Structures are given as structure tokens and as C-alpha cells.
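As C-alpha cells, the structure follows; a few thoughts come after it.
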Amino acid sequence: MWTISPEALAYLRKSGSASLTVDQPLIVDGCCLQISEPPAVYLGEPKPASGKKRSPGSYTALEVHGIKLHVPSHLSRLDLIIDLTRFFRREKLVVEGWNLV
Amino acid sequence: MHALYLVIAAACVLLIGYRLYGTFMASKVLAVDPRIVTPAKRLEDGHDYVPTNRWVVFGHHFAAIAAAGPLVGPVLAAQFGYLPGALWILIGGVLGGAVHDMVVLFASIRHDGASLPQIAKKEIGPVTGVAASFAVLFILLITMAGLSIVIVNALNTNPWGAFTVGMTIPIALFIGIYMRFLRPGKLGEASLIGVVLILLAVALGPMIKNSGLAFFFNYSSKAIEIALPVYAFIAAALPVWLLLAPRDYLSSYLKIGTIGALAIGIIAVNPVLNMPPITKFVNGGGPIIAGKVWPFVFITIACGAMSGFHSLIAAGTTPKMLESEKDIKIVGFGAMLMESFVAIMALIAASVLPVGDYFAINTMPAVFAHLGMHVDKLPMLSHLIGVNVAGRPGGAVSLAVGMSYVFSSVPGLSHLVAYWYQFAIMFEAVFILTAVDAGTRAARYVVQDMIGVVIKPFKKINWWPGAIISAALVSFGWGYLLYGGNISTVWPLFGVSNQLLASLAMVVGTTVILKSTGRIAYALTTFIPFVFLFITTLDASYFNVTKVYLPQHMILNTVLSVIMTVLALVIVVDAVIKWSGLLRDRKTLQAQKVRHQAMVRELAAK
């Protein structure tokens with residue numbers, strides 16, 4: 001089940017955004033090793049690739065702590081957390097609980 | 001002997017092996033059932049689980065397993081003569097490697113695309129699952145060092161090569177930005193632009209080499225040994241789409257073209273194999289690999305014969321893509337045999353070199369001086385290439401020289417020797433840097449997860465102090481191995497760890513087959529290769545520790561060797577306990593045997 005951490009919720013309230021999207025993860029074959037890093041998170045509705053339509057069913061909309069969370073459908077049943085990370089003063093929403101390999 | 005005889009013999013063995021043994025494994029032992037709905041269809045989600053045409057899956061799987069390994073190992077093993085390596089590639093490939101890949105792929109499909117440690121945990125026990133996870137981490141670290149040392153010896157004091165390889169970084173960054181923002185989704189177009197830019201970088205090399213800019217690309221071995229872990233530390237912190245993914249696409253395109261060109265070149269030119277079938281170094285004392293042909297040819301050549309790394313791919317994304325179980329044979333068994341063919345090509349490319357030239361390239365000058373050999377064409381080749389290629393052990397240079405030798409024998413291409421050489425170096429370096437980046441990322445995550453058990457904030461993958469510390473630990477770890485070692489100390493360690501992983505995968509395979517068929521005879525198809533490889537690897541590890549690492553006070557190498565051995569023994573003991581339990585339960589075994597036989601008959605009747 002997807003959850004949003006208190007820090008991430010505070011960030012969303014501050015930004016005034018009521019919806020969030022988790023991007024599609026990328027899988028890379030790096031010479032006998034396949035890795036898929038945590039997908040990016042951005043505010044707002046899912047953005048299809050430029051010039052392409054979003055294929056139906058590719059995203060699932062979830063309601064989490066009053067926020068509309070769009071996640072790739074194949075990830076919708078995973079136990080992952082939207083969290084807030086800080087690098088000095090720069091804040092960023094990220095996915096935690098992800099298995100890389 | 002002309003190379004074409006070996007090519008034809010290899011092709012025949014591999015084709016017959018696929019047709020007979022591959023069919024036996026698929027239809028009798030595994031009893032692949034096209035009626036079973038694969039996880040790709042059952043769990044289809046448009047992203048991870050995607051039913052895909054078998055030839056696309058074949059291409060994807062082959063591209064993932066065949067990278068630098070089948071090119072470097074056979075070249076180093078040519079030290080023993082071409083015959084030991086050729087026999088191991090062909091026999092080991094059919095009876096070991098292809099079986100290994102196919103059985104792991106089958107097991108993963110039957111476990112809904114689970115990874116090897118997950119399958120191990122389920123089929124054998126949690127101890128094995130944990131041990132396998134630790135083993136994978138150590139293998140990653142050792143692999144980074146093993147592959148990096150190949151680049152160090154290829155690029156030191158080679159401004160052209162360093163420039164070309166260095167340029168692949170901004171080219172990959174550009175392609176990443178191109179695909180993300182400028183022309184999203186245009187993979188073919190972006191890759192084509194990337195390949196053209198890379199070829200341009202190769203072509204511009206002579207200009208850089210002969211200009212004042214050469215100073216900025218003329219690095220010593222030690223400088224490169226420091227630069228590579230630093231590169232990996234930085235690259236592993238960048239988003240995947242920016243550097244790693246585009247580098248991956250570029251290397252796939254380069255690989256298909258280059259390997260295809262090499263095969264065509266060897267068949268067209270039909271060069272003479274100057275390396276004898278057997279050299280005096282089969283008895284040990286070799287300048288590249290110190291040990292005897294047994295066990296070291298089996299450790300030096302992993303990819304191309306039998307490689308534990310393939311189990312990470314066979315239980316990775318491939319099982320989530322197969323439309324039908326009947327595709328397991330062509331993808332699991334067939335792709336491995338194709339890689340064996342690539343390995344034979346690499347062995348030939350090294351063996352066409354005059355013997356003295358081969359050893360002059362793969363040993364330091366001070367060592368070569370005591371071998372009682374003389375160089376033949378090397379001074380001329382070094383002059384044509386514009387780089388002194390002597391004293392550059394690691395496999396990449398001798399492969400590049402061999403490839404240049406083959407390509408330059410094609411009418412009309414002889415004046416391009418230098419370009420062929422630098423292109424071959426760059427081609428291998430692209431794979432290796434991709435592996436180094438991916439491996440450092442993966443290892444960083446594993447290390448962070450492990451430290452997180454004790455220091456809770458590390459569990460958060462995106463907590464930047466934890467990410468930086470973990471990445472630094474990983475980069476420093478393999479960097480230390482690289483800085484303090486050479487091809488003769490690092491590659492055998494990599495070979496041992498890789499083959500231990502292969503042994504562990506065969507342990508899992510034996511358990512799966514015993515449980516599903518109830519027949520000991522069928523379980524022997526994985527058990528025998530496991531026993532052979534395990535004993536061979538343990539012997540090699542013992543030699544490494546007692547004759548190479550301890551005398552040179554290489555403590556980290558020793559510790560890693562011992563840890564890997566202990567982990568492997570833990571898993572084997574755990575598996576033997578499991579097998580004993582299975583074999584004691586004769587009633588269940590017999591029932592399963594009857595069920596399996598009935599299924600085989602039913603499938604054969606269709």
C-alpha cells in the first residue's frame with residue numbers, strides 16, 4: 001500500500017498541490033546486471049511523453065491522505081512510501097522502500 | 001591450422017548440442033509446458049511483465065549476457081593454447097552454461113519471475129537466500145575491479161584511446177538529454193546519432209593525439225586506477241536516464257555490429273591460428289595466469305562457457321517477458337550457445353596473433369624478457385596503430401590487436417589498422433563502463449540496506465549522507481582492489497566469485513529438478529556440472545590465496561576469497577540437508593516421478 005510521509009505531506013501542503021505522480025521506472029541492462037532505480041516523483045497529473053498519448057491503464061489513481069496519487073499501474077499494489085529528501089536546502093519528493101535489483 | 005576449421009567445428013558442436021541436449025533438457029528434464037500461462041501473461045502490467053515475441057526476448061537476453069566477459073576471458077585463457085579454452089567453451093557451454101541459464105530461467109518462470117536469492121530461499125531455505133544475497137554483493141565489487149583493470153591496461157599512455165572513451169561520457173549525456181527532452185521516445189534515432197558521434201570520436205583521435213591536447217589525455221595506469229572509481233562514484237549518483245541508460249543503448253548497437261563484423265571477418269579472411277593447441281603453460285607458471293590449466297581455464301573463461309552472472313539475468317527481466325514456456329529453450333539454452341560462439345571468435349582473434357606477440361602484449365616487458373620468446377609483427381603493428389601495445393595485459397589489447405589484424409587483412413581495409421584497434425578498445429570500454437556504473441549503483445543500494453539494519457537512517461535510500469557514504473564505500477572497496485592488483489590477481493578472483501555463483505545457481509537448479517521430477521538421474525544434469533565447477537573453483541581459490549595473495553600480502557583479496565568460499569559452503573551444506581530430506585521421502589519422490597513421466601508423455605503426444 002502506498003503511503004505519504006508526514007514530511008512529504010507538509011511539503012505538498014506548502015506547495016499547494018493536491019496531486020502527485022510517480023514516473024514509470026526505467027530498467028537498464030548493465031552487462032549481466034539489470035537494475036531499476038526508484039522512479040521520479042513530480043507534482044501534478046501524469047505527463048505523457050511529448051507527441052505521445054498516455055496509454056490507458058498505464059497509471060492508477062490512488063487517494064492517499066487526501067492527495068490524489070498517480071502511480072504506474074504495475075506498481076499500484078506495492079508497499080512504497082513517498083518521502084521528502086533534502087540536499088542542503090533543495091527539497092525533493094522521492095520513493096522509498098524500492099528494491100533496486 | 002586455419003581458423004575456419006575451428007569455426008565450423010564450433011558451429012556444429014553448438015548446433016548439435018542445442019538440437020539434442022537442449023531438446024532433452026526442455027522436453028524430458030524440465031518438461032516445459034506450453035499450456036502453462038507464463039507470468040508475463042498472467043501478471044501482465046505493461047511494464048515489468050510484458051509478453052514479448054521470442055526473438056525479441058532472445059535479442060534482449062543475449063544482449064544482457066554477452067558483454068565484456070566472453071571477449072576477455074578466452075583471450076586470457078589463450079595462454080594455455082587455443083585447445084583447452086575451445087574445449088571448455090564448447091563442452092562447458094553445452095553441458096554446463098546453457099543448462100545453467102535454462103534451468104534458472106525455468107525456475108524463475110515457475111516462481112512468477114522471482115530472483116535467484118528469492119528462489120533459493122523458497123526452494124532450499126532462508127539461510128541460502130541470505131547467503132546468496134551476500135555472495136551477489138561481493139561478486140559485484142570484485143567484478144568492478146576485474147573489468148576495470150582491463151580498461152586500465154588498454155588506456156594508459158594512449159591519448160587516442162583515452163580521448164575516444166572519454167568522449168563516450170558527454171555523448172551518452174547528450175543522448176540522455178536528447179531522448180528525455182528533445183525527442184522523447186525516439187530510441188533508434190538517438191542511438192544512431194550516438195553511434196555516429198562515437199565513430200567521429202574514433203576518427204578524430206589521430207588529430208588529438210598529434211596535437212597539444214594529447215597532454216590532457218595521456219594518463220598513467222595509476223591515474224586511471226584512481227579515475228575509474230571516482231567516475232563510478234559520480235556516475236552512480238546521476239539519474240539513470242541521463243548517463244547509464246543511453247550508454248546501455250549505445251553499447252547494445254555497437255555490440256551487435258562489432259561481433260557480427262568480427263565473425264564475418266574471421267570467416268572471410270580465414271586466418272591461420274598461430275597459437276599452438278597446447279602451450280607449456282598448461283603445467284602452470286604462466287605469465288598471465290599463474291596456475292595450471294586445471295583449474296584455471298575454467299575460472300578464466302566464465303562468460304562463454306558457464307557464468308554465474310547469467311543467473312541474475314535469467315532470473316531478472318527475461319522470465320517476465322516470455323510468452324510461452326516453449327520459448328525457454330531458444331532463449332535460455334540458445335542465447336548461451338550464441339555467446340559461446342562469440343567466445344570462440346574472441347579466442348580465434350587472440351590465437352591468430354604470433355605467439356611471441358600475444359605474450360608480449362599480455363605480460364610486462366620484464367616478465368616477457370624471461371620467457372624465451374621473440375616478437376614477430378608487434379613492432380610493425382605498434383607502429384601502424386601508433387601505440388606501443390606491448391606490456392598491456394588484460395585481454396582488451398590483444399583482442400583489439402587480433403581484431404585489427406583480421407579486419408586489416410580484408411582487401412581495402414589494411415590502412416585502417418589504427419582505427420580498428422581504437423574502435424575495438426572503445427567498444428569494450430563502453431561495456432565495461434556501463435557495467436561499472438550499474439554495478440556500483442546496485443552495490444551501493446545493497447550496502448546501504450545492510451548498514452540500515454544497524455544505523456536506521458541508512459535504510460532510506462534517498463537519504464543523501466547515507467547514499468554518499470555507501471557509494472564511497474563501494475567505490476573505494478573495488479578501487480582498492482584495482483589499485484593494489486593486476487590482471488593476474490584480480491581476474492582469477494573475479495573468475496572464482498563468478499563460478500561460485502554459477503555453482504550456487506546449479507544447487508538451486510538441482511533442488512528444483514529433484515522436486516519437480518522425482519528423478520535423481522535428471523537432477524544429475526545440474527548436479528554433475530555443479531560438483532565439477534565447485535571443486536574446480538575451490539581449488540583455484542585455494543591456489544589464489546596460498547600461492548598468489550598471501551605471498552604478496554594481499555589481505556583484501558584473501559579476505560574476499562575466504563568470505564566467498566564460506567558463503568558457498570554454507571549454501572552447499574544447506575542444500576545437501578535439503579536434498580537428503582527430499583531423497584529420504586521416497587513416497588513423495590515416487591509420486592512426483594510418476595506425475596512427471598505422465599506429463600512428459602502427454603506433452604510428447606501433442
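Observations on the structure shown:
- Pairs where the first residue, in the range B:42-62, is farther than 14 Å from B:A335 by Cβ and more than 11 Å from chain A (Cβ to nearest Cβ) and the second is part of a helix (DSSP H, G or I) and open to solvent by less than 70 Å² (accessible area, probe 1.4 Å), C-beta under 6 Å, 6+ apart: B:P51/B:A40
- Out of B:A442, B:A418, sole residue that is surrounded by fewer than 24 Cβ atoms within 10 Å (Cβ to Cβ) and under 22 Å from the mean Cα position of the chain (by Cα): B:A442
- Residues satisfying the criterion are present in the range B:116-123 (criterion: under 22 Å from B:V576 (Cβ atoms), of a type in the set (D, E, K, R) and in contact (Cβ under 8 Å) with a residue 60 or more places away in the chain).
- Subset of the range B:574-603 (residues that are under 36 Å from the mean Cα position of the chain (by Cα) and open to solvent by 80 Å² or more (accessible area, probe 1.4 Å)): B:I577
- Checked against (1) at pLDDT below 85; (2) within 14 Å of chain A (Cβ to nearest Cβ); (3) touching a Gly at 6+ places or on another chain (Cβ under 9 Å); (4) outside any loop (DSSP other than H, G, I, E, B), B:V436 passes all but condition (1).
Here is a yes/no grid of residues against (1) in contact with an Asp or Glu (Cβ under 8 Å, 6 or more places away or on another chain); (2) open to solvent by 30 Å² or more (accessible area, probe 1.4 Å); (3) among the β-branched types (V, I, T); (4) touching a residue at least 24 places away in the same chain (Cβ under 8 Å):
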{"residue": "B:H100", "(1), (2), (3), (4)": "no, no, no, yes"}
{"residue": "B:L105", "(1), (2), (3), (4)": "no, no, no, yes"}
{"residue": "B:D112", "(1), (2), (3), (4)": "no, yes, no, yes"}
{"residue": "B:V136", "(1), (2), (3), (4)": "no, no, yes, yes"}
{"residue": "B:I139", "(1), (2), (3), (4)": "no, no, yes, yes"}
{"residue": "B:T168", "(1), (2), (3), (4)": "no, no, yes, yes"}
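- Tally, over the range A:1-16, of residues that are assigned to a helix (DSSP H, G or I) and touching a residue at least 24 places away in the same chain (Cβ under 8 Å): 7
- Among (1) open to solvent by 30 Å² or more (accessible area, probe 1.4 Å); (2) at the interface with another protein chain (Cβ under 8 Å from one of its Cβ atoms); (3) at pLDDT 90 or above, the one test that A:F87 misses: (3)
- The helices (runs of 4 or more DSSP H) located wholly in the range B:110-179 that include 1 or more residues which are at pLDDT below 85 occupy B:116-123, B:126-155.
- Residue in the range B:231-261 that is farthest from the other protein chains (Cβ to nearest Cβ), counting only those that are in contact with a helix residue (DSSP H, G or I) (Cβ under 7 Å, 6 or more places away or on another chain) and open to solvent by 40 Å² or more (accessible area, probe 1.4 Å): B:F233
- Subset of the range B:7-27 that is open to solvent by 50 Å² or more (accessible area, probe 1.4 Å) and touching a helix residue (DSSP H, G or I) at 6+ places or on another chain (Cβ under 6 Å) - its residue that is farthest from B:S516 (Cα to Cα): B:V13
- B:V94 vs. criteria under 30 Å from B:R595 (Cα atoms), in a helix (DSSP H, G or I), touching a residue at least 60 places away in the same chain (Cβ under 8 Å) and in contact with a Gly (Cβ under 6 Å, 6 or more places away or on another chain): yes
- Put simply, of B:G285, B:G260, B:G265 the only residue that is without any contact (Cβ under 8 Å) to a residue 60 or more places away in the chain, out of contact with any Pro (no Cβ under 6 Å at 6 or more places or on another chain) and closer than 24 Å to B:Q79 by Cβ is B:G285.
- Residue within the range B:501-516 that is without any contact (Cβ under 8 Å) to a residue 40 or more places away in the chain and surrounded by fewer than 24 Cβ atoms within 10 Å (Cβ to Cβ) present: no
- Residue in the range B:316-335 that is most open to solvent (accessible area, probe 1.4 Å), counting only those that are basic (K, R) and at pLDDT 90 or above: B:K326
For every residue, the table says whether it meets (1) under 28 Å from B:P411 (Cα atoms); (2) among the small types (G, A, S); (3) at pLDDT 90 or above.
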| position | (1), (2), (3) |
| --- | --- |
| B:I264 | yes, no, no |
| B:F296 | no, no, yes |
| B:E339 | no, no, yes |
| B:I344 | yes, no, yes |
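- The range B:444-469, subset touching a Gly at 6+ places or on another chain (Cβ under 8 Å) and part of a helix (DSSP H, G or I), residue farthest from the other protein chains (Cβ to nearest Cβ): B:I451
- Within the range B:4-27, being aromatic (F, W, Y) and within 23 Å of B:A107 (Cβ to Cβ) holds for B:Y18, B:Y21, B:F24.
- Filter result for the condition that a residue is in contact with a helix residue (DSSP H, G or I) (Cβ under 9 Å, 6 or more places away or on another chain) and open to solvent by 10 Å² or more (accessible area, probe 1.4 Å), over B:V57, B:V32, B:V72: B:V32
- Scanning the range B:355-375 finds one or more residues that are of a type in the set (G, A, S), surrounded by 24 or more Cβ atoms within 10 Å (Cβ to Cβ) and either on the phi > 0 side of the Ramachandran plot or part of a helix (DSSP H, G or I) (or both).
- Residue match in the range B:262-272 (condition: buried (at least 24 other Cβ atoms within 10 Å of the Cβ), under 19 Å from the mean Cα position of the chain (by Cα) and not acidic (D, E)): no
- Residue match in the range B:290-308 (condition: more than 14 Å from chain A (Cβ to nearest Cβ), over 26 Å from B:N153 (Cβ atoms) and either surrounded by fewer than 24 Cβ atoms within 10 Å (Cβ to Cβ) or among the β-branched types (V, I, T) (or both)): yes
The values are calculated or read from the model by the stated rules, or taken from the named source; none is laboratory data. Note that the coordinates shown come from a computational prediction; the quantities given were computed from them, not determined experimentally. Here Cβ is always computed from backbone atoms with ideal geometry, including for glycine, and neighbour counts include all displayed protein chains. Side chains included, ligands, DNA and RNA excluded: accessible areas come from the protein's heavy atoms. Shrake-Rupley method; radii C 1.70, N 1.55, O 1.52, S 1.80 Å.
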